[in-house]
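The values are calculated or read from the model by the stated rules, or taken from the named source; none is laboratory data. Since the model is a prediction, treat every value here as computed from it, not as a measurement. Ideal geometry is used to build each Cβ from the backbone, glycine not excepted, and the neighbour counts take in all protein chains shown. We work out accessible area using only protein heavy atoms, side chains counted, and drop any ligands, DNA or RNA first. Shrake-Rupley method; radii C 1.70, N 1.55, O 1.52, S 1.80 Å.
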Amino acid sequence: MITRRANLAASAALALLGAAFLAGGIGYGVFIDGGLVGPGFLPAAAGMALLVLALVDLVQHVLRIEGTDAVDDALYEGLVEDRPLTTDMLQTAPDVDIFGRDQRARTRQLIMVVVALIVAVALVPLIGLLVSLGLLMAFAAIVVERRSVVVSLIVTAVTVGFLYLVFVIVLGIPVPVGVLGGD
Amino acid sequence: MKSPSTLYAGSALVISAVLLTGCASQNSQSEGEFAPSGNVVVTVPFAAGGGSDVSGRAVAAGLEEATGLSITVENREGGAGAVGYAHFQGQEGRDNALLAAELALVSLPLSQEVGFDYTSFTPIMNLGSDYALLVTAGDSEFETCADVVEATRSETVVTAVSGATGIDAITISLVEQDQDVEFDRIPYESGGEVVAALLGGHVDVAPLNPSEVAGQLESGDLRALCAFSEERYEYEQLADVPTAAEQGIDVAFSQFRGFIAPGGISDEAREYWIAAAETYAESDAYRSYIEDNMMQPNALFGDDFVAFLEETNADVQAALG
Amino acid sequence: MIDNLILGFQTAATPENLLWCFLGVFLGTVIGLLPGLGSTTGVAVLLPLTFAFEPVTALILLAGIYYGAQYGGTITSVLIATPGEAASVVTTIDGYQMARKGRGGAALAIAAIGSFIAAILSLALLMTLAPPLAQLAVRFGPAENLAIMILGLVIVITFQGGKLVRGAMMAMVGLLLAAVGVSTGFGEARFTFGDTNLLSGIPFVEVTIGLFALGEVLHQIRVGAAAPIKTSFREMMISGKDVRRSLPAILRGSGVGFVLGILPGAGSTLASFMAYGIERRVSRNKENFGRGAIEGVASPESANNAAANANFIPTLSLGIPGGATTAVLLGAFTIYGLQPGPLLFETQPALVWGLLVSFFIGNVVLLLLNLPLAPVFAQMLRVPYGYLYPVILLTSIIGAYAVSNNTFSIWIVLVFGIIGWIMKEIDLPMAPLVLGLVLGPLLEKALVQTSAAGAGNLGILFTSPISATMLALGAALVIAPVVIRRARARVAARRAAERQASSFIDS
């Protein structure tokens, strides 16, 4: 049910995206002097195609119509029992994973990681890239995954050290150090 | 076959470089306190294989030799150079970024809304001038540029231009103004692509820099009809190519090639790059770059380069009318 | 020709050169393993090291770095679903599934073997046929280039497992994202909303890192921590059966890659996508594609390697580099006084043959070094995911930053990571998006040129025999499923036995 609603929302969002690019493309000029293709041609054409395709997809979802499968699927019918799998279908989530965490706990973890990521990136100008990402890594391993503190810190330190060696020392890439790192 | 010293130098280099590139680039300058931070990147605002690409790579190699820094080249093509210049604009204040500049630096801002002009950057060095040849396929019916102009009066002649407002487009515009004719133009992104288009018969003629077609001219796959220069080339391979003026087309136009740093860099950084450029201008690498590419040397630094750009700006403005 | 080859080997295959080649392959692999650092960066960063060497040694070292970095990118595609460059995106589809099934070692081994065979075949063709093929390649004008890119997109849309409409949607999204920034051919800034970071477009490498690496990590957290993959060392090894099964795929992939690689501009990305699409249609084992079919790794890996080598045909015989890495290598040649062009093979035989032989040696060394190492690399997956994914997060974000030394890159990774996760959750295919993003600027350039050549009329697309054929092929791919379905329904209405037979023939 959630997937169905998510699908509808995604198709609607894509239709809007297509419409926006169509409008933008027309604004840039679809054709220029002499009927030549102009700077807005590709965005307008691709935007319109996206709008139409997304609406078709939306209608198929609403009416629960089976859409035309890609060519391979049509060939498979009658040959094999099931359709070729996409990446997801293989990993149908069991309700409880090997650590006994249920769906809700895992969703909470996901949100924690995403929020931590955003916070970490926002902190880069303040505390520097490597420190900030090191903290993110330790947080993910210790707090989110509840791994052993000692091992997590060691893994973090080794990874940060290795990346420092490769990117900063060997490749000479100037990573931001933040206001605390001085200059 | 290999001398032991090569082996030594080689192994020492690989080992030390792998471990120390970063440190080395921070310590090995000789120009005083200042040194650019990290790897230096030379942006080439055109696709690989054109004159701009060649000059960017020559500058990178030459400055690497002059400064001991590690300098890499990055192609950012598109929009007749606008993509690369726009990217470079985003590098404002960085002392480790350079760009292989040519006429687009002046001609782009004059012909469309790009949000920069040559004053947005810090000009460092002008390398020299590059004139264009009008080139056609080896089996083409055209013998002279006058033939081409004559043909446009009765049929469609398709010319390639690399960049809608680059030297090619300006040269063609000048010919059109001078002779009151019109060409059909197909835009390409680099001299290399234009050569392929000529060889494949997708365009009839194209203005190209000598360096871009030297191999094909020698092999006879392409022929030069005329040179858009004031006088004939002194380089042996091109001495036989008549100027456009000799054929009754009064057009001569050259484009400069040089390199610039981003706007808003410190005075120390500007002085550093100018000093490095002056060292480079004295080197064999610079001389062989000019000769290999059949250009006219014209080394100008800093303020002199800015003055030169001002003049060019006025010339291009006149040409674009 | 044989004389030249022998001469090339005599100068190139000394023990000392082989040692440098080993080093080059090793350094290249390490660089390729880091997200965001591909073969172009690898060659460019290590190029200065080679200036102290004699030309042949330098070329061998560079060839080693080049092939090593490409292979390093394949390793991350297979093990942690993080393709280092566009050409190894397709490898992720089946390679990663193989790794999840404990067959990561076999996937890495077949990639090395496939690349090796493709390289040898394409080098042999390059040595014998370069000048005439280069002449053929320039016949591809704007209309033909446009048609081949459209065909490429159609093939990718149709090989997705899901609905046709959804694949097409994502290809359009890719094209639209590619339209952001200063446009090719017009120089006009589009959809940038005044942001200078967006002027140079939405950066491709960062998008890939976000969609694949970060998207996969978020997805894994959501579906629950998978148990570390524990397999015996033997299962990690590639079997003779795997190789036999993959051989036709390798040969087909090499062919597709070689043909596309000759065309300047089309390049190895399109080659790998097309090879996978074709393999998925003709393979005997097609039902396993998308769930860890070894052919799905062998074919694109062979294709991108063959294309990378075929790329040297326009580079050497016309002086037109087909891609960024060949341009960097071209820069290296000019330092040794090599002027690429039609006369190169006659005027500089020693260097040209030295170069070609060094490619050959680079591939041999790559195979020797990586075949035994493949199962070792695959052991990485034994690390519990709770430790592994924080490492992936950290490495991929820093890698993305290193692409352009800009914090903006990190935000791109973050945004596309979340988009990638959503796409996984609701099963929207990523490959068409990536190809759309890569092809967008090239496609627009060809479109503008075709339009200019036809004075506003795109009719040349249908009158040029080559482009008309390719467009017809594309149309057939879209219409085929409908026709096949109808035909099958009719047959089904008759007899079951007949239906069996008909499906068999259709396949």
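Tabulated data
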quantity: Condition check for B:ASP240: of a type in the set (D, E, K, R) and either assigned to a strand (DSSP E or B) or in contact (Cβ under 8 Å) with a residue 24 or more places away in the chain (or both); calculated: no
quantity: Any chance C:ARG166 is in a helix (DSSP H, G or I), modelled with pLDDT of 80 or more and not small (Gly, Ala, Ser); calculated: yes
quantity: Top-ranked residue of the stretch A:98-146 - restricted to ones that are open to solvent by less than 50 Å² (accessible area, probe 1.4 Å) and of a type outside the set (A, V, I, L, M), ranked as nearest to the other protein chains (Cβ to nearest Cβ); calculated: A:GLU145
quantity: Filtered residue count, the stretch C:102-115, keeping only those that are under 15 Å from C:GLY253 (Cα atoms) and either open to solvent by 10 Å² or more (accessible area, probe 1.4 Å) or touching a Ser or Thr at 6+ places or on another chain (Cβ under 6 Å) (or both); calculated: 4
quantity: Members of the stretch B:279-290 found to be open to solvent by 30 Å² or more (accessible area, probe 1.4 Å) and in contact (Cβ under 8 Å) with a residue 24 or more places away in the chain, listed by number; calculated: B:THR279, B:ALA285
quantity: Qualifying position, being over 30 Å from C:GLN135 (Cβ atoms), out of contact with any Leu (no Cβ under 8 Å at 6 or more places or on another chain) and at pLDDT below 85, among C:GLY386, C:GLY399; calculated: C:GLY386
quantity: Residue list for the stretch C:169-202, restricted to those being at pLDDT 90 or above and either out of contact with any Gly (no Cβ under 8 Å at 6 or more places or on another chain) or more than 7 Å from every other protein chain (Cβ to nearest Cβ) (or both); calculated: C:MET169, C:MET170, C:ALA171, C:GLY174, C:LEU177, C:ALA178, C:VAL180
quantity: Sole residue being in a helix (DSSP H, G or I) and open to solvent by less than 10 Å² (accessible area, probe 1.4 Å), chosen from C:ALA124, C:ALA118, C:ALA178; calculated: C:ALA118
quantity: Qualifying residue in the stretch C:44-66 (condition: in a loop (DSSP other than H, G, I, E, B), crowded, with 24+ Cβ neighbours inside 10 Å and either of a type in the set (S, T, N, Q) or modelled with pLDDT of 85 or more (or both)); calculated: no
quantity: Hits in the stretch C:462-497 - residues which are of a type outside the set (A, V, I, L, M), under 23 Å from C:LYS163 (Cα atoms) and surrounded by fewer than 17 Cβ atoms within 10 Å (Cβ to Cβ); calculated: C:ARG485, C:ARG486, C:ARG490
quantity: Selection count, the stretch B:109-127, where residues are outside any helix (DSSP H, G or I) and on the phi < 0 side of the Ramachandran plot; calculated: 12
quantity: Boolean, C:TRP411 is in contact with a Leu (Cβ under 8 Å, 6 or more places away or on another chain) and assigned by TED's automatic domain parsing to the domain that holds C:PHE159; calculated: no
quantity: Meets criteria (within 11 Å of chain A (Cβ to nearest Cβ) and assigned to a helix (DSSP H, G or I)) for C:SER409; calculated: yes
quantity: Given (1) at pLDDT below 75; (2) closer than 30 Å to C:GLY354 by Cα, number of the condition C:ALA124 does not satisfy; calculated: (1)
quantity: Residue satisfying condition, being at pLDDT 90 or above, touching a helix residue (DSSP H, G or I) at 6+ places or on another chain (Cβ under 9 Å) and outside the structural domain of B:THR312 (by TED's automatic domain parsing), within set B:ALA196, B:ALA206; calculated: B:ALA206
quantity: Criterion violated by B:ALA252 - all others in (1) within 19 Å of the chain's Cα centre (by Cα); (2) surrounded by fewer than 23 Cβ atoms within 10 Å (Cβ to Cβ); (3) assigned to a helix (DSSP H, G or I) satisfied; calculated: (3)
quantity: Residue, nearest to C:THR450 (Cα to Cα), within the stretch A:6-50, restricted to residues that are crowded, with 19+ Cβ neighbours inside 10 Å and more than 9 Å from chain C (Cβ to nearest Cβ); calculated: A:ALA44
quantity: Residue check, C:ALA147 within 10 Å of another protein chain (Cβ to nearest Cβ), within 16 Å of C:LEU439 (Cβ to Cβ) and either small (Gly, Ala, Ser) or surrounded by fewer than 23 Cβ atoms within 10 Å (Cβ to Cβ) (or both); calculated: no
quantity: Residue tally, condition within 17 Å of the chain's Cα centre (by Cα), charged (D, E, K, R) and assigned to a strand (DSSP E or B), over the stretch B:183-203; calculated: 0
quantity: Odd one out for C:ALA455 among (1) open to solvent by less than 70 Å² (accessible area, probe 1.4 Å); (2) out of contact with any Phe, Trp or Tyr (no Cβ under 7 Å at 6 or more places or on another chain); (3) part of a helix (DSSP H, G or I); (4) not hydroxyl-bearing (Ser, Thr, Tyr); calculated: (3)
quantity: Given (1) open to solvent by 30 Å² or more (accessible area, probe 1.4 Å); (2) within 28 Å of B:SER190 (Cβ to Cβ); (3) within 8 Å of another protein chain (Cβ to nearest Cβ); (4) not β-branched (Val, Ile, Thr), number of the condition C:ASP427 does not satisfy; calculated: (2)
quantity: Residue pairs meeting the criteria (Cβ under 7 Å; at least 6 apart or on separate chains; first charged (D, E, K, R), in the stretch C:99-110; second open to solvent by 10 Å² or more (accessible area, probe 1.4 Å) and in a loop (DSSP other than H, G, I, E, B)); calculated: C:ARG100/C:ILE229; C:LYS101/C:GLY292; C:ARG103/C:GLY292
quantity: Residue match in the stretch C:240-259 (condition: at pLDDT below 80 and either assigned to a helix (DSSP H, G or I) or in contact with a helix residue (DSSP H, G or I) (Cβ under 8 Å, 6 or more places away or on another chain) (or both)); calculated: no
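Table: residues versus (1) under 30 Å from C:ALA134 (Cβ atoms); (2) open to solvent by 20 Å² or more (accessible area, probe 1.4 Å); (3) more than 12 Å from chain C (Cβ to nearest Cβ).
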| residue | (1), (2), (3) |
| --- | --- |
| B:GLY115 | no, yes, no |
| B:PHE121 | no, no, yes |
| B:THR144 | yes, yes, yes |
| B:ALA151 | yes, no, yes |
| B:VAL194 | yes, no, no |
| B:LEU217 | yes, yes, no |
| B:CYS226 | yes, no, yes |
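This table checks each residue for (1) within 18 Å of A:GLY34 (Cβ to Cβ); (2) assigned by TED's automatic domain parsing to the domain that holds C:ALA178; (3) in a helix (DSSP H, G or I).
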residue: C:LEU442; (1), (2), (3): no, yes, yes
residue: C:SER451; (1), (2), (3): yes, yes, yes
residue: C:ALA476; (1), (2), (3): no, no, yes
residue: C:VAL482; (1), (2), (3): no, no, yes
